[in-house]
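Data block below; observations after.
The values are calculated or read from the model by the stated rules, or taken from the named source; none is laboratory data. These figures come from a predicted structure and were not determined experimentally. In this analysis, Cβ positions are derived from the backbone assuming ideal geometry, glycine residues included, and neighbour counts consider all displayed protein chains. Ligands, DNA and RNA are excluded from the accessible area calculation, which covers all protein heavy atoms including side chains. Shrake-Rupley method; radii C 1.70, N 1.55, O 1.52, S 1.80 Å.
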Amino acid sequence: DQQVKQNSPSLSVQEGRISILNCDYTNSMFDYFLWYKKYPAEGPTFLISISSIKDKNEDGRFTVFLNKSAKHLSLHIVPSQPGDSAVYFCAASASGGSYIPTFGRGTSLIVHP
Amino acid sequence: NAGVTQTPKFQVLKTGQSMTLQCAQDMNHNSMYWYRQDPGMGLRLIYYSASEGTTDKGEVPNGYNVSRLNKREFSLRLESAAPSQTSVYFCASSEFRGVQPQHFGDGTRLSIL
């Protein structure tokens, strides 16, 4: 049973538009959430994170929103650029538990010029 | 800075052969991790080392052993490789135990025939 779910395996967006990647979790102990970006033949790289005490965190073109009651978070990329084309992994961890993140299966984002 | 370095990048083994995957980090991080990624799956934790001298099992430890050789190095050993262990293996490190981003290597692509 997946504790972190990314239900969209892929997403296609036009350059300049907004990309919205979604992630749902089931474990109510999760209180820290991260997004990683992965290019082919490379390891994942950390993109942005959010603690459960916040509902929004912004870093340049990237914003993560957290809805604790719905156990849902989303990553917004505005504006999308072709270089954003990659696989995006959502991860969640529990500071009071093992702390090691549980990863979703990833969403492949393709940004068309 | 090299960050997290994994060797080899590619390897083909026959069923029953043994192999050690090497990982080294130059960021003076305390915690290190081994993950595997299979097609359509997220990253699944095999083993981790919260600090030098300690190792613990993750989600999928069967068929693997690890050694935290020193603070820099964390190796993963397959004693008797099986086709089910065909995967991409990622090593990661983080500064200390706790909820925080991990830094990943570029992976080792392992095929077992």
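When you scan segment A:71-82, do you find a residue that is assigned to a strand (DSSP E or B), within 14 Å of chain B (Cβ to nearest Cβ) and open to solvent by 30 Å² or more (accessible area, probe 1.4 Å), even just one? No: zero hits.
Among the strands (runs of 3 or more DSSP E) confined to segment B:53-104, the ones with at least 2 residues that are touching a residue at least 60 places away in the same chain (Cβ under 8 Å), in contact with a Pro (Cβ under 8 Å, 6 or more places away or on another chain) and buried (at least 20 other Cβ atoms within 10 Å of the Cβ) are located at B:87-94.
Of the residues in segment A:23-35, how many are at the interface with chain B (Cβ under 8 Å from one of its Cβ atoms) and either within 21 Å of B:Cys91 (Cβ to Cβ) or free of Cβ contacts under 8 Å to residues at least 60 places away in the same chain (or both)? Qualifying residue count, segment A:23-35: 1. Within segment A:41-64, the set of residues being outside any strand (DSSP E or B) and within 14 Å of chain B (Cβ to nearest Cβ) comprises A:Ala41, A:Glu42, A:Gly43, A:Pro44, A:Ser52, A:Ile53, A:Lys54.
Can you give me the number of residues within segment B:1-33 that are of a type in the set (Ser, Thr, Tyr) and either within 10 Å of B:Ser93 (Cα to Cα) or modelled with pLDDT under 95 (or both)?
Just the residues of segment B:1-33 that are of a type in the set (Ser, Thr, Tyr), to begin with: B:5, B:7, B:15, B:18, B:20, B:31, B:33.
With the extra rule that they be either within 10 Å of B:Ser93 (Cα to Cα) or modelled with pLDDT under 95 (or both), the set shrinks to B:31, B:33.
Of the residues in segment B:1-33, 2 are of a type in the set (Ser, Thr, Tyr) and either within 10 Å of B:Ser93 (Cα to Cα) or modelled with pLDDT under 95 (or both).
Does A:Gln6 count as at the interface with another protein chain (Cβ under 10 Å from one of its Cβ atoms) and in contact with a Cys (Cβ under 6 Å, 6 or more places away or on another chain)? Taking the combined requirement at face value, the residue satisfies it.
So, in segment B:1-52, exactly how many residues are without any contact (Cβ under 8 Å) to a residue 12 or more places away in the chain and exposed (fewer than 14 other Cβ atoms within 10 Å of the Cβ)?
Kept after step one, since they are without any contact (Cβ under 8 Å) to a residue 12 or more places away in the chain, are these residues of segment B:1-52: B:39-42.
Within this subset, residues satisfying the condition of being exposed (fewer than 14 other Cβ atoms within 10 Å of the Cβ) are B:39-40.
Residues flagged as without any contact (Cβ under 8 Å) to a residue 12 or more places away in the chain and exposed (fewer than 14 other Cβ atoms within 10 Å of the Cβ) within segment B:1-52 amount to 2.
May I ask you to verify whether B:Tyr33 is away from every other protein chain (no Cβ under 11 Å) and either more than 21 Å from A:Ala94 (Cβ to Cβ) or not polar (S, T, N, Q) (or both)? Quick ask: steps written out before the conclusion?
Working: away from every other protein chain (no Cβ under 11 Å): no; either more than 21 Å from A:Ala94 (Cβ to Cβ) or not polar (S, T, N, Q) (or both): yes.
In short, no.
Within segment B:46-61, if we keep just the residues that are closer than 19 Å to B:Arg72 by Cα and aliphatic (A, V, I, L, M), the residue that is nearest to the other protein chains (Cβ to nearest Cβ) turns out to be B:Ala50. For segment A:12-35, the count of residues that are of a type in the set (Lys, Arg) and crowded, with 19+ Cβ neighbours inside 10 Å is zero.
Among the residues of segment A:1-16, write down those that are over 19 Å from A:Ile77 (Cα atoms), in contact with a strand residue (DSSP E or B) (Cβ under 6 Å, 6 or more places away or on another chain) and of a type in the set (D, E, K, R).
Start the filter on segment A:1-16 by keeping residues that are over 19 Å from A:Ile77 (Cα atoms), which leaves A:1-5.
From what is left, the residues that are in contact with a strand residue (DSSP E or B) (Cβ under 6 Å, 6 or more places away or on another chain) are A:3-5.
The answer is A:Lys5, and nothing else.
If I ask for residues that are part of a loop (DSSP other than H, G, I, E, B) and either more than 14 Å from A:Ser49 (Cβ to Cβ) or more than 8 Å from every other protein chain (Cβ to nearest Cβ) (or both), which ones from segment A:95-109 would you list? Spell out how you get there, then give the answer.
Quick first cut of segment A:95-109, residues part of a loop (DSSP other than H, G, I, E, B) only: A:95-101, A:104-106.
Of everything in segment A:95-109, those that are part of a loop (DSSP other than H, G, I, E, B) and either more than 14 Å from A:Ser49 (Cβ to Cβ) or more than 8 Å from every other protein chain (Cβ to nearest Cβ) (or both) turn out to be A:Gly96, A:Gly97, A:Ser98, A:Ile100, A:Gly104, A:Arg105, A:Gly106.
On the stretch given as segment A:4-21, residues that are part of a strand (DSSP E or B), closer than 22 Å to A:Ser93 by Cα and in contact (Cβ under 8 Å) with a residue 60 or more places away in the chain total 3.
A:Cys90 satisfies every condition listed in (1) within 11 Å of A:Phe33 (Cβ to Cβ); (2) crowded, with 21+ Cβ neighbours inside 10 Å; (3) more than 9 Å from chain B (Cβ to nearest Cβ) except (3).
I'd like the full set of residues that are in contact (Cβ under 8 Å) with a residue 40 or more places away in the chain and open to solvent by 10 Å² or more (accessible area, probe 1.4 Å), limited to segment A:41-69.
A:Leu47
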